[in-house]
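The values are calculated or read from the model by the stated rules, or taken from the named source; none is laboratory data. Fair warning: this is a prediction, and the values are worked out from it, not measured in the lab. Here the Cβ is made from the backbone with ideal geometry for all residues, glycine too, and neighbour counts use every protein chain on show. The accessibility values were calculated without ligands, DNA or RNA, using every heavy atom of the protein model including side chains. Shrake-Rupley method; radii C 1.70, N 1.55, O 1.52, S 1.80 Å.
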Amino acid sequence: AYNLRSSILEGFAKRLRSSLRTGDTIAHWHSCQFVCLLPQVRNVKDVGRVSNRMLEGLKPPFFMEDQKIHIKTSMGIAIKQHESVTSETLINQAQMALAKSKEAGSNNCKFYDEKIQAETERLLRIEKLLSFALERKEFSLVYQPQVSMEGKQITAIETLIRWDHPDLG
């Protein structure tokens, strides 16, 4: 049983590593917990994308000793927003977010900061809806003239693509 657990942890770590970007770090933290450090984060959307990629990479079952094993994954995310935040505080925040994630069910992630959680969910939802917008014919092309105020003549034409979503507008 120990070798099976060890093999699953190795496979889990390998999948996590493949979801990360150059410069990101993964470490086996405790029991069945891993810590990922993302030092090159420009905005919250980056964290949302990476965590989403991790969850997607961990969804397929593992095959060990002719057994199909499904893993339930929960992630807790804390973001260092101020230089005064210590590593210990950051880990504690991630642990609290992990507890919220486990309460919500498997295969999800939760942020310690609820505002960031809401913003990330909104951005990921819009990104997902946008990926289907072309096939649903939700885009329209609009031409907008640029007019010279002196001569009141059209000097250029700007082309805009507008997205009209049935619910979001």
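Set side by side, the residues Leu141, Leu98 differ, and just one is within 25 Å of Asp167 (Cα to Cα) and either more than 13 Å from the chain's Cα centre (by Cα) or modelled with pLDDT of 85 or more (or both), which is Leu141. On the stretch given as region 62-80, residues that are over 22 Å from Lys102 (Cα atoms) and surrounded by fewer than 12 Cβ atoms within 10 Å (Cβ to Cβ) total 5.
Working only within region 131-145, note down all residues that are more than 27 Å from Gly48 (Cβ to Cβ) and open to solvent by 80 Å² or more (accessible area, probe 1.4 Å). Across region 131-145, the qualifying residues are Lys137, Leu141, Tyr143.
Quick one: is Val44 modelled with pLDDT of 85 or more and within 12 Å of the chain's Cα centre (by Cα)?
It is false that Val44 is modelled with pLDDT of 85 or more and within 12 Å of the chain's Cα centre (by Cα).
Scanning region 109-130 for residues being under 11 Å from Gly48 (Cα atoms) and either crowded, with 16+ Cβ neighbours inside 10 Å or touching a Ser or Thr at 6+ places or on another chain (Cβ under 7 Å) (or both) gives a total of 7. The set of residues from region 22-34 being assigned to a strand (DSSP E or B) and closer than 17 Å to Ala97 by Cα comprises Trp29, His30, Gln33, Phe34.
Taking region 67-169 as the region of interest, the strands (runs of 3 or more DSSP E) fully inside it that hold 1 or more residues being under 29 Å from Leu9 (Cβ atoms) and among the basic types (Lys, Arg) are 67-69, 108-111.
Residues in region 35-61 that are surrounded by fewer than 17 Cβ atoms within 10 Å (Cβ to Cβ) and in a strand (DSSP E or B): Val35, Leu37.
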